[in-house]
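**Q** What follows is a single structure, and I will ask about it in a moment.
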Amino acid sequence: MAGKSRHFNLKAIFVRRLIEWWDKNKRDFPWRRTSEPYAVLIAEVLLRKTTAQQVKKVYSAFLSKYPDPKSLSKADENNLKSLLAPLGMEHRRANLLVRLGKVLVEKYNGAVPTEADDLLQLPGVGMYSANAVLCFAYGRDVPLVDTNVVRVFQRVFGFQSRKKRPREDRTLWNFVASMIPPGNARSFNLAVIDFASAVFVKKVLQVVIRWF
């Protein structure tokens with residue numbers, strides 16, 4: 001029992017310190033200034049396999065040209081490829097985004113679904129992107145776990161996954177979810193993302209040890 005209590009205290013301290021760190025070190029991107037579901041979804045699709053700085057170059061222009069699922073569903077793929085060229089894999093991305101627009105229009109009447117099962121049926125949307133929409137657009141207390149986040153929790157809490165791809169380990173997703181402050185998933189998730197991006201290369205443990 002004492003061991004469980006100590007572990008809980010460590011988690012609570014980590015979360016508090018993490019959010020304090022983020023308040024001073026948060027990054028600013030245009031998709032973080034909106035909770036509009038379509039804009040959040042597009043950001044998540046664009047962010048796959050590229051950097052936030054690259055996406056920043058095209059995000060606003062993309063939404064200006066394709067402000068809703070209907071306009072995206074009718075997009076000319078060649079025009080889309082030109083716009084998406086700075087991100088790489090523009091052929092695949094263009095085709096995927098047009099299909100995404102069509103599914104949103106034909107199946108959901110131009111709205112972005114509000115439930116995880118429906119989001120996961122959309123082209124190009126996996127667990128991470130689905131949870132990002134649920135968190136940043138719909139205010140749900142759900143976790144976000146990618147490779148960098150896995151590394152943070154491995155270093156800080158000694159989490160070891162038996163899965164070939166730890167980022168797909170439901171046990172880890174549940175562990176991260178257990179740390180989300182009720183009603184404050186947005187700050188928590190963004191703090192973890194920014195911390196993983198900014199601090200990992202400088203050795204996470206060296207920073208976290210100073211928090212305790």
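The values are calculated or read from the model by the stated rules, or taken from the named source; none is laboratory data. Small disclaimer: the values here were computed from a predicted structure and weren't measured. Cβ atoms come from the backbone with ideal geometry, glycine included; neighbour counts cover every protein chain shown. The accessibility values were calculated without ligands, DNA or RNA, using every heavy atom of the protein model including side chains. Shrake-Rupley method; radii C 1.70, N 1.55, O 1.52, S 1.80 Å.
**Q** Taking amide hydrogens as modeled 1.01 Å from N in the peptide plane, which residues meet the under 5 Å criterion relative to Val145, leaving out close sequence neighbours?
**A** HN-HN under 5 Å from Val145: empty list.
**Q** With r defined as the distance between the Cβ atoms of Ser178 and Met89 and R0 fixed at 45 Å, what FRET efficiency is calculated, to the nearest 0.05? Mind showing how you got there, number by number?
**A** Details: r = 35 Å, r/R0 = 0.78.
Efficiency at R0 = 45 Å is approximately 0.80.
**Q** Hey, another quick one. Between helix 127-136 and the chain, what is the angle of the helix's C-alpha long axis to the longest principal axis, kept within 0 to 90° and rounded to the nearest 10?
**A** Taking the Cα atoms of the chain, the angle to 127-136 is about 90 degrees.
**Q** With a Förster radius of 22 Å, plug the Cβ-Cβ distance of Arg186 and Ala116 into 1/(1 + (r/R0)^6) and report the FRET value to the nearest 0.05.
**A** Values: r = 17 Å, r/R0 = 0.76.
The pair Arg186/Ala116 has a calculated efficiency of 0.85.
**Q** Nearest 10 degrees, 0 to 90: what angle lies between the long axis of helix 147-157 and the longest principal axis of the chain (Cα atoms)?
**A** For helix 147-157, the angle is close to 10 degrees.
**Q** Turning to a different aspect of this structure: Any idea of Arg140's accessible area? Nearest 10 Å², probe 1.4 Å.
**A** Solvent-accessible area, nearest 10 Å²: 80 Å².
**Q** Taking the Cα centre as origin and putting +1 on Lys and Arg beta-carbons and -1 on Asp and Glu beta-carbons, what dipole magnitude results for the chain, to the nearest 20 debye?
**A** 920 debye
**Q** If you don't mind, another one. Nearest 10 degrees, 0 to 90: what angle lies between the long axis of helix 2-25 and the longest principal axis of the chain (Cα atoms)?
**A** For helix 2-25, the angle is close to 50 degrees.
**Q** Another question, if that's okay. So what is the 222 nm mean residue ellipticity for the chain from helices alone, if each DSSP H run of at least 4 adds -39500 (n - 2.57) and you divide by all residues, rounding to the nearest 500 deg cm²/dmol? Intermediate values should be presented prior to the final figure.
**A** On the way: 12 runs with 135 residues, N = 212.
Value at 222 nm, helices only: -19500 deg cm²/dmol.
**Q** Something else about it: Of the options Val112, Val125, Trp173, report the single residue whose Cα projects farthest towards the positive end of the charge dipole of the range 95-182 (beta-carbon charges: Lys, Arg +1; Asp, Glu -1).
**A** With unit charges placed on the Cβ atoms, the residue in question is Trp173.
**Q** With springs only between Cα atoms under 10 Å apart, run a GNM on the chain and tell me which of Ala198, Ala137, Ala185 wobbles the most.
**A** Taking springs between Cα atoms under 10 Å, the residue moving most is Ala198.
**Q** Estimate the FRET efficiency between Arg33 and Lys164 by the formula 1/(1 + (r/R0)^6), using the beta-carbon distance for r and 41 Å for R0, to the nearest 0.05.
**A** Details: r = 37 Å, r/R0 = 0.90.
That pair, Arg33 with Lys164, gives E of 0.65.
**Q** Measuring with a 1.4 Å probe in the full set of protein chains, what accessible area per residue, in whole Å², belongs to the range 65-136?
**A** Details: 3480 Å² over 72 residues.
Per-residue accessible area for the range 65-136 comes out at 48 Å².
**Q** Hey, what's the Cα Rg ratio for the chain versus the globular rule of thumb, 2.2 N^0.38 Å? Could the numbers behind the result be given before it?
**A** Working: Rg = 18.3 Å, N = 212, 2.2 N^0.38 = 16.8 Å.
Compared with the compact-globule rule of thumb, the chain sits at 1.09.
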